[in-house]
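What follows draws every value from the coordinates through simple rules; no lab data is involved. All of these numbers come straight from a predicted model, not from anything done at the bench. Glycine also receives a Cβ, built like all others from the backbone with ideal geometry; neighbour counts cover every protein chain displayed.
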Amino acid sequence: MGVMKEYRVAVVGATGMVGRTFLKVLEEYQLPVKEYVLMASKRSAGSKMTFFGREYEVQELTQTSFDSGFDIALFSAGGSTSAKFAPIAAAKGCVVIDNSSQWRMDPNVPLVVPQVNPQDIAWHNGIIANPNCSTIQAMLPLKALQERYGIKRVVYSTYQAVSGAGRKGWDDLENGVRGFVDGQERPLEKFQHPIFNNCLPHIDVFQENGYTKEETKMIEETRKILGDPQMRVTATTVRVPVFNSHSESINVELEKPFELPELREVLARQDGIVIQDDPAKDVYPLAVNATGHDEVFVGRIRRDESVESGVNLWVVADNIRKGAASNAVQIAQRLIAMWNQQ
Ligand code: A2P
């Protein structure tokens, strides 16, 4: 019997919101890893984190961090850190799984949701990109529908949690709640307007065509992952006063006619989806129930009666887990499985 290889893995940005979830998810998934190294900026270098029941000292990320030889690095330390350090790691033979938007649209970089386009992992050149959180959860139902019926057009409307805006976004909502209770207003740290008791149709920066960068990411990443550069896709992305888990209304126009019961079956069969759709019992996907899980929850499945062949879906997932950390760890898991088969 052969001995299965064990790997060396770096977690870059381990102290951040997504980084901490990386650690939690890695503990759960139990990859065949012999050594983990946690990295962050100079600011938190030397600090201690508990991981797999023991203490790890956080290392400063530098130009020479990858010289000692890593197989995989999970990056979630912002776009500029990825821009600079991912190529350095890749040049040393390490495969970077990058959570930032830096490399997603690079034609030499696969953009992967493991349940949707695992075959794209194979052609990496040292960097694999993790899609935007809102894109990831939409891909599972859309892939299933695309394969069976073909997709003509997609309209996204999102209801996104503040955890996607990092610690400061979370604090703006928490402080808004406190202010509502005690009448003391706190200054905003992240958002342009109060997020408490409000909906902000503004995620990431505005671009010349009036769309935000978040909306553009959803449109472009959808086309890349589903392998249809011409697909008609539009999006309105909105930050709502929810702490965690993104909800999305997805309107899809299909190429072929469909029967609703069969379409439900098609969605239910997709790996990674859980159907929650029993309106008579008030059952539909909810952010509070999705939090802590890695599945994508789909409900409110109903015909769009305004077009020939359309369907409306309500799609909810934990944006920090499936939308970021868990998706990246699932990519690592498949990469390792691929190596072990070679
Ligand atoms: P640090 O804790 O040292 O600042 P978040 O998205 O929650 O703000 O987390 C960002 C993560 O990225 C943190 O772990 C942060 O580390 C890390 N980070 C930010 N800038 C750098 C950098 N220049 N080099 C390495 N890690 C960085």
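Percent of Cα pairs in the range 135-319 per distance bin of 10 Å, from zero to the largest separation: 9, 34, 33, 17, 5, 1.
Of the three principal axes defined by the Cα atoms of the chain, the extents in descending order read 61, 59, 43 Å. Among the aspartates and glutamates, which have Cα under 14 Å from the Cα of Lys34 when same-chain residues fewer than 8 positions away are ignored? By straight Cα distance, Lys34 reaches Glu6, Asp71.
Given +1 at the Cβ of Lys and Arg, -1 at the Cβ of Asp and Glu and no other charges, the dipole of the chain around its Cα centre is 560 debye to the nearest 20.
Note on the range 135-319: antiparallel DSSP beta bridges, both residues inside, total approximately 70 percent of the bridges counted. About its Cα centre, the dipole of the range 295-342 is roughly 180 debye, where the only charges are +1 on Lys and Arg Cβ and -1 on Asp and Glu Cβ. Measure up Lys213/Lys256; Lys143/Lys168; Lys92/Lys190; Lys152/Lys281; Lys224/Lys256; Lys24/Lys168 against 27 Å on the Cα-Cα distance and list the ones that go over. Those over the limit are Lys213/Lys256; Lys143/Lys168; Lys92/Lys190; Lys152/Lys281. Here the Karplus relation 6.51 cos²θ - 1.76 cosθ + 1.60, evaluated at θ = phi - 60°, turns the backbone of the range 282-293 into coupling constants of 6, 9, 7, x, 9, 4, 5, 8, 6, 4, x, 10 Hz, with x for every Gly and Pro.
If I build a Gaussian network model for the chain, linking alpha-carbon pairs within less than 10 angstrom, which residue out of Asn108, Asn327, Asn312 has the largest mean-square fluctuation? Judging by the Gaussian network model, the answer is Asn108.
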